[in-house]
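Computed from the coordinates by the stated procedures, all read-outs in this text should not be read as laboratory data. Keep in mind the model is a prediction, meaning the values are calculated, not measured. We place every Cβ from the backbone using ideal geometry, glycine too, and count neighbours over all the protein chains shown.
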Amino acid sequence: MSALLDATLEHLKALVGFDTRNPPRAIDTGGIFDYLRAQLPGFSVTVTDFGAGAVALHAVRGEPKYLFNVHLDTVPDSPAWTADPHALRVTADRAIGLGACDIKGAAAALLAVANAGDGDMALLFSTDEEANDPRCIAGFLRDAHAYEAVIVAEPTRGEAVLAHRGIQSVLMRFAGHAGHASGEQQPSDSALHQAMRWGNAALDFVAAQSHERFGGLTGLRFNIGRVEGGIKANMIAPGAEVRFGFRALPTMDPDQLLARFRMLVDPQPVEFTETFRGASLPAGDTANAETNRLVARDLADELGIPVGNAVDFWTEAALFSAAGYTAFVYGPGDIAQAHSADEWVALDQLQQYAETIYRIVTSGNA
């Protein structure tokens, strides 16, 4: 192993040892942030607590052009883990631990690079990516920062991801009229029947979008995640609640999609609330999506980072893109291992990522 990989694994062992599961996101400005401060001599460090366990650390050395962003929170572990998820295990080809892939491996590599040289470098660590509550990046973006681009670490197998879907979540409620189920029903009587008709119409609508394409992505991703309502089999359901989500292409208008989903059936839902929205990458005017993607591609080429395919999963790179930054996603690990039991990251990808960031920083390009 190289000295840079050795240092990365030492930092990763420490980072995995800190409990940053989200939920419950019981994170404060001590703990893992005390460790980060100690590993960043020569940096100007600002730690901001945005409440509810959302903490961000912004570290700057010199006058860097690019910001490297990585989140430190992880998903909860599951009973399927075969060993302590907070104790890093290293085999001949992988590092295993909660968050090793998503995405503490990249955080450890950034710390190793920061200590391997003294080049200009900017880092932003956050703790709220794994929940629909993006306080850290939103808070960071409230202030002006003169970065030319933001490189967001997520598991991309060591390739630059220039485009991904947006994500939206919706809470919807239907209202009916309670009564005995033995009689003939009108379409508006049962809230659950309304919800089921809506579900069928929604699936048909999504299937009709299969011809839409952008950057290698096809169609509209859609999921009904939860349906609740009714009382028992012989009672007409007076109320029903549906939670669903969809992931649009950068060229799809999210507001138009919301309006279409709301009006799929009659009667329409009595409540229709968007509970979370994450922009696509690139974000902004859909007419400029391809132009913005090409700008990010040119930057990745300039930095010597291989360009990969667009992906279906959402990242906070979209938040930076929506704020006007050129942004792309780049990190070690495979999304297939993220959120899994015995989560792991390949050592060769960790080393490649660390060496690439080191080359960018020491060449003066960062």
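Using the alpha-carbon positions of region 62-214, Rg (one decimal) and Dmax (whole number) come out as 23.8, 79 Å. Its Kirkwood hydrodynamic radius, worked out from the mean inverse distance over all distinct Cα pairs, puts region 167-278 at 14.8 Å. A Förster radius of 22 Å combined with the Cβ-Cβ distance from Thr91 to Ala3 puts the calculated FRET efficiency at roughly 0.65. Under a model in which nothing but the beta-carbon of Lys, Arg (+1) and Asp, Glu (-1) is charged, region 167-278 shows a dipole of about 340 debye around its Cα centre. When peptides 322-333, 17-28 are ranked by their average number of other Cβ atoms within 10 Å per residue, the highest-first order is 322-333, 17-28. The residue list Leu203, Ala191, Phe214 was ranked by how far each Cα lies along the charge dipole of region 167-278 toward its positive end, using unit charges on Cβ atoms, and Phe214 comes out on top. Taking packing as the residue-averaged number of other Cβ atoms within 10 angstrom, the listed peptides 356-366, 215-225 run from highest to lowest as 356-366, 215-225. Dividing the helix sum by the residues of the chain, where each DSSP H run of 4 or more adds -39500 (n - 2.57), gives a mean residue ellipticity at 222 nm of -8500 deg cm²/dmol.
GNM remark for the chain: springs join alpha carbons under 10 Å apart, and the peak mean-square fluctuation among Gln168, Gln349, Gln186 falls on Gln186. Within the straight-line cut-off of under 26 Å between alpha carbons, the lysines reachable from Lys65 are Lys104, sequence neighbours fewer than 8 places apart in one chain being disregarded.
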